[in-house]
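Please read the structure below before turning to the comments.
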Amino acid sequence: MLRQLLNNLQSSFATLSSRERRMVLIAGVAVAAFIVFLVTWSFSNSADAIRRRTQNKIASLEEVQELAATYRDAKGVQDAMEQKLAASNVRLISYLEEKGNKAGLSIPSINPKADVTLDGEKIVESAAEFTLTDVPLNRLVDFLAAVEAGPGVVKVKYLRIEPRLKEETLTAWVVVATYHLKN
């Protein structure tokens, strides 16, 4: 069948004039070049699409790796804080009196506040407020640094200062809080 078709084409081509043969050859070359162009263009587009998808997947994987690393770091910080909260057993009133005595400050009265639960009932905040009068600035700074550097999680939550320039002292209203996990 194919052989017969080829023979028919050869006999038809042989009957053509030289000018017609040249035109048929040029048309055949043009059709072949067009087919090669279409096949090459199709492969090129397919390859470009595959490259784009690969690049998008690589970018997505890099983003996932960054997020995983960020999550691990955040989870580590959270776990460390939870361990610190679990180990936190600070008796706030006696702790403040002890730190005040070490800093050379007398705390006339400490008013404890009611415990407050935070973070969906997981964390308990215990706070106390007090006033320090006629305190030199350096002693106040040392005292507050010692309070926050202590065991567990203890933070100065509120601090209001009123300077007394003539005596070179100040009055400070302070709220200190400690945090621990709810039992």
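The values are calculated or read from the model by the stated rules, or taken from the named source; none is laboratory data. Model, not experiment: these values are computed from the prediction. When we count neighbours, we look across all protein chains shown, and the Cβ atoms used for this are built from the backbone with ideal geometry, even at glycine.
A few comments on the model shown:
- Qualifying residue in region 98-113 (condition: assigned by TED's automatic domain parsing to the domain that holds GLY152 and on the phi > 0 side of the Ramachandran plot): yes
- Against the numbered list (1) within 20 Å of HIS180 (Cβ to Cβ); (2) out of contact with any Asp or Glu (no Cβ under 6 Å at 6 or more places or on another chain), LEU118 comes up short only at (2).
- Hey, ILE58 under 60 Å from the mean Cα position of the chain (by Cα), more than 30 Å from VAL154 (Cα to Cα) and either β-branched (Val, Ile, Thr) or assigned to a helix (DSSP H, G or I) (or both) or not: yes
- Within region 107-133, tally of residues that are β-branched (Val, Ile, Thr) and buried (at least 16 other Cβ atoms within 10 Å of the Cβ): 4
- Leading residue by the ranking (farthest from LEU118 (Cα to Cα)) among those in region 134-181 that are surrounded by 14 or more Cβ atoms within 10 Å (Cβ to Cβ) and among the polar types (S, T, N, Q): THR169
- Listing of strands (runs of 3 or more DSSP E) fully contained in region 88-183 that carry 3 or more residues being at pLDDT 85 or above and either within 20 Å of GLN78 (Cα to Cα) or not β-branched (Val, Ile, Thr) (or both): 123-135, 153-164, 169-181
- Within region 82-106, the set of residues being under 13 Å from VAL176 (Cα atoms) and surrounded by 12 or more Cβ atoms within 10 Å (Cβ to Cβ) comprises VAL90, LEU92, ILE93, TYR95, LEU96, GLU97, LYS99, GLY100.
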